[in-house]
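Right, one structure below, let's go through it.
The values are calculated or read from the model by the stated rules, or taken from the named source; none is laboratory data. Note that this is a predicted model, so its numbers are computed, not measured. Positions of Cβ are generated from backbone atoms using ideal geometry, with glycine treated the same way; all protein chains shown enter the neighbour counts. The area values use the complete protein model at the heavy-atom level, side chains included, leaving out ligands, DNA and RNA. Shrake-Rupley method; radii C 1.70, N 1.55, O 1.52, S 1.80 Å.
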Amino acid sequence: MNTIPEPSRSWPWGLVALLLSVLAWGGLLVGVLAFAASFRPPGDGNNGVQAMQYWMLGALVTLVLSFLGSLVAMVMAWRRRRGPVCATIAGALLVMLVSLLLIVIGSSWG
């Protein structure tokens, strides 16, 4: 008898959500470091920003995709009961990430 396990139940969704949320934080870190590295002395033009724009774009894409993937994996973990504790930790990390971004954006407006 060949029994094939259901693919969605065999994944540790909580761990996947946690790893993707850590990857989102890593994308934010790389984006901030690339932005900081793009600053040049006055009079050099915008060569620094042009040199780092692909790093910043890659970090932003990684941040957004891993954030969305972590949200999906959290829902799957809670519904399938495959790592709800890790999914809760991932949710806390994502809430802290969004809070940090909102604080930075809010402080630049005022």
Degrees, to the nearest 10: 84-109 long Cα axis against longest axis of the chain: 20 degrees
Using alpha-carbon coordinates, inclination of helix 13-37 to the longest axis of the chain, degrees: 10 degrees
Heavy-atom accessible surface of the chain: percent carbon and sulfur, 1.4 Å: 74 percent
Å² per residue, accessible surface of the chain at 1.4 Å: 71 Å²
Simple Cβ-charge dipole of the chain, Lys/Arg +1 and Asp/Glu -1, about Cα centre, in debye nearest 20: 440 debye
Answer label, with Rg and Dmax of the Cα atoms in Å calculated from the coordinates and candidates (1) 21.6, 83; (2) 12.7, 38; (3) 18.6, 74: (3)
